[in-house]
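See below for the structure under consideration.
What follows draws every value from the coordinates through simple rules; no lab data is involved. Source: prediction; values computed, not measured. Methodologically, a virtual Cβ is constructed for each residue, glycine included, from the backbone with ideal geometry; neighbour enumeration extends over all protein chains shown.
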Protein chains: 2
Amino acid sequence: MSQFVHPNLNDVPLPIVLHALGDSVRLQIVQNLAREGELSCAKAAPEQIVAKSTRSNHFKVLRAAGIVRTRKAGRIYLSSLRREELDERYPGVLDSVLAAAVDQAAD
Amino acid sequence: MSQFVHPNLNDVPLPIVLHALGDSVRLQIVQNLAREGELSCAKAAPEQIVAKSTRSNHFKVLRAAGIVRTRKAGRIYLSSLRREELDERYPGVLDSVLAAAVDQAAD
DNA sequence: TCTATAGTTCAATATTTCCGAACTATTGAT
DNA sequence: ATCAATAGTTCGGAAATATTGAACTATAGA
């Protein structure tokens, strides 16, 4: 049903962004999107890790934080990072987080 | 009782750091410490905002995330940012967060 | 049209966070 | 020495969040 709401980044306070990034599953999703570009929910966060409904909720959190944009393509939902926008609003934050996350990846 | 535990930053995963920063009260504490240097708990986070016990817990979270170091001085506990260490472990993260937080401050 | 797939929503449970109350330790005054 | 005040911690329960399975929606393909 719902076509998703993607907030204007000016309306997203910094703690919301950091909170969204401050979860290992979501951070992994963000990393995957950074590495691979647009991905389906399933590919961005394999279901072994969390239940399908939890995963869906993680994407909701990421969207609400302005970190991810999701569009529907057939029966799939493709998400991608809002990199430039985010970098304009909060310069360096996403970049440094992604750089820091690189050496943590355990897959 | 407890003399505080301050983890080695190598033992602190990135999501823990981001989670600690992803709360408006804690972020404000961090900003205050960045601006003023070493501060007592009370000065870093005035009690009007949250209960004393909550504030105490926020500091515990910040310590566990390796963001803050606390030492006892008389009946006061002085906390300060672990800036250099944090910057060595996660370059740019704290700096960009502090820079981004500046224009958000509402006091 | 029937079945499978991808994801959402909902309601219940599990986990976290927040708070007040009781406690510890230190200081300063009497 | 004792008493009162201050700064913070710890604890247990209440409030808020997160996670999950089950039921649902929508699309695609046979």
Residues meeting the amide H criterion for B:V68 (H placed from the backbone, H to H distance under 5 Å, 5 or more places apart or on another chain) are B:R63, B:R82
Average projection area in nm² (convex hull over Cα atoms of the stretch A:18-60, one quarter of hull surface)
2.8
Which distance in nm do the two modelled labels at B:N57 and A:T54 give, with both placed 7 Å along the Cα-to-Cβ direction?
2.2
Residue-wise HN-Hα coupling along the stretch B:92-102, computed from phi with Karplus coefficients 6.51, -1.76, 1.60 (Hz; x: Gly, Pro):
x, 5, 4, 4, 5, 5, 5, 4, 5, 6, 3
Pick from A:A64, A:A51, A:A73: which residue has the top mean-square fluctuation in a GNM of chain A where Cα pairs under 10 Å get a spring?
A:A73
Excluding B:T70 itself, calculate the net charge of residues whose Cβ lies under 10 Å from the Cβ of B:T70, where each Lys or Arg counts +1 and each Asp or Glu counts -1.
+4
Give the separation of the Cα centroids, the stretch A:6-71 to the stretch B:1-41, in Å.
24
In whole Hz and in residue order, list the ³J(HN,Hα) couplings for the stretch B:56-63 that follow from phi through the Karplus curve 6.51 cos²θ - 1.76 cosθ + 1.60, θ = phi - 60°; x for Gly and Pro.
4, 5, 4, 5, 4, 4, 5, 5
Nearest-0.05 FRET efficiency for A:N8 and B:A73 at R0 = 35 Å, using Cβ-Cβ distance, is 0.15
Which number comes out as Rg/Rh for the protein assembly as shown once both Rg and the Kirkwood Rh are worked out on C-alpha atoms?
1.00
According to the Cα gyration tensor, what semi-axes, each the square root of 5 times an eigenvalue, does the equivalent ellipsoid of chain B have, listed from largest to smallest in whole Å?
20, 18, 12
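Tally the DSSP beta bridges in chain B and give the antiparallel ones as a percent, rounded to 5.
On the way: 8 of 8 bridges.
The antiparallel proportion sits near 100 percent.
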One checks the Cα atoms of the stretch A:39-101 and finds Rg and Dmax, in Å, of 12.7, 35
